[in-house]
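Novice: Sharing a structure with you now.
The values are calculated or read from the model by the stated rules, or taken from the named source; none is laboratory data. The structure displayed is predicted, hence computed values, not measured ones. In this analysis, Cβ positions are derived from the backbone assuming ideal geometry, glycine residues included, and neighbour counts consider all displayed protein chains.
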Amino acid sequence: MTTATAEVPDEEIAKRLTSPEVSNRSVAQELGVSWGRVDLVRQQLGIDTYQRGRRVPEATWQEAVGRRVKAVDGGHAEWTGGRNPNGVPVLSWRSIAETAYRAVFRMHHERDPEGNITHTCDRDHCVAGEHLADRVLRAERRAGGDGGA
């Protein structure tokens, strides 16, 4: 176990410590590292300690999304909530689950997305509403770029 701990870089631990809702224990078990090492990385990142059962539930879907989006340089936005095993930002609220991309798109564009959501920027996993496009927006951009033809 000590060998596995030494092989896991702090950056990998940091990727999984996305918010105060993620426990040290869950990250330690997932990566095969000690709880203390996860706690040290948490402290270095300045993320509050996980407190089981003390989280105040969000009243609305918008509040749940807003609580997990952090603005970063260049007009981009970072997701601080959970991720699926592929690293895709996800949100689960009151037994409703979907990707953060779809949730943010809906809030920003005030309509449901059609088809897959793609990024219009080159930043991995950016969740800024203006940097997300669905099938309709991609078609509009192609049409505009071809002179409307």
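Novice: Would you confirm whether any residue within the range 48-58 is aliphatic (A, V, I, L, M) and outside the structural domain of Val127 (by TED's automatic domain parsing)?
Specialist: From the range 48-58, those aliphatic (A, V, I, L, M) are 56; that's our starting set.
Next, only the ones that are outside the structural domain of Val127 (by TED's automatic domain parsing) stay: 56.
Within the range 48-58 (the criterion being aliphatic (A, V, I, L, M) and outside the structural domain of Val127 (by TED's automatic domain parsing)), the answer is yes, since at least one residue qualifies.
Novice: Here's another thing I want to ask about it. Using the structure shown, decide if Gly87 is under 21 Å from Ser19 (Cα atoms), loosely packed, with under 13 Cβ neighbours inside 10 Å and in contact (Cβ under 8 Å) with a residue 12 or more places away in the chain.
Specialist: On the way: under 21 Å from Ser19 (Cα atoms): yes; loosely packed, with under 13 Cβ neighbours inside 10 Å: yes; in contact (Cβ under 8 Å) with a residue 12 or more places away in the chain: yes.
It is true that Gly87 is under 21 Å from Ser19 (Cα atoms), loosely packed, with under 13 Cβ neighbours inside 10 Å and in contact (Cβ under 8 Å) with a residue 12 or more places away in the chain.
Novice: If you scan the range 94-128, which residues turn out to be touching a residue at least 40 places away in the same chain (Cβ under 8 Å) and surrounded by fewer than 20 Cβ atoms within 10 Å (Cβ to Cβ)?
Specialist: Taking the range 94-128 first, the residues touching a residue at least 40 places away in the same chain (Cβ under 8 Å) are 103, 107, 121, 123, 125-128.
Met107, Cys121, Arg123, His125 - these are the residues of the range 94-128 that are touching a residue at least 40 places away in the same chain (Cβ under 8 Å) and surrounded by fewer than 20 Cβ atoms within 10 Å (Cβ to Cβ).
Novice: For the condition of a type in the set (D, E, K, R) and touching a Gly at 6+ places or on another chain (Cβ under 7 Å), what is the one hit in Arg141, Arg135, Arg111?
Specialist: Residue meeting the stated conditions: Arg135.
Novice: Turning to a different aspect of this structure: I'd like to verify a number: residues in the range 67-77 that are closer than 11 Å to Leu91 by Cβ and in contact (Cβ under 8 Å) with a residue 40 or more places away in the chain, how many? Before the answer, list the steps.
Specialist: Of all residues in the range 67-77, those closer than 11 Å to Leu91 by Cβ come to 67-69.
Subsequent filtering for residues that are in contact (Cβ under 8 Å) with a residue 40 or more places away in the chain retains 68-69.
Of the residues in that region, 2 qualify.
Novice: Is it true that some residue in the range 50-70 is surrounded by 15 or more Cβ atoms within 10 Å (Cβ to Cβ), modelled with pLDDT of 85 or more and among the aromatic types (Phe, Trp, Tyr)?
Specialist: No.
Novice: In addition: What strands (runs of 3 or more DSSP E) lie completely within the range 74-126 and have 1 or more residues being touching a Cys at 6+ places or on another chain (Cβ under 6 Å) and at pLDDT 90 or above? Write out each step before concluding.
Specialist: On the way: elements: 76-79, 90-93, 96-99.
Counting at least 1 such residues, we get 76-79.
Novice: Still on this structure: Looking at the range 1-18, which of the residues that are in contact with a Lys or Arg (Cβ under 7 Å, 6 or more places away or on another chain) and polar (S, T, N, Q) is modelled with the lowest pLDDT?
Specialist: Per the stated criteria, the residue is Thr5.
Novice: So which residues in the range 19-44 are in a loop (DSSP other than H, G, I, E, B) and either at pLDDT below 85 or among the small types (Gly, Ala, Ser) (or both)?
Specialist: The initial filter retains those residues of the range 19-44 that are in a loop (DSSP other than H, G, I, E, B), namely 19-23, 32-34.
If the condition is that a residue be in a loop (DSSP other than H, G, I, E, B) and either at pLDDT below 85 or among the small types (Gly, Ala, Ser) (or both), then Ser19, Pro20, Glu21, Val22, Ser23, Gly32, Ser34 are the ones that fit.
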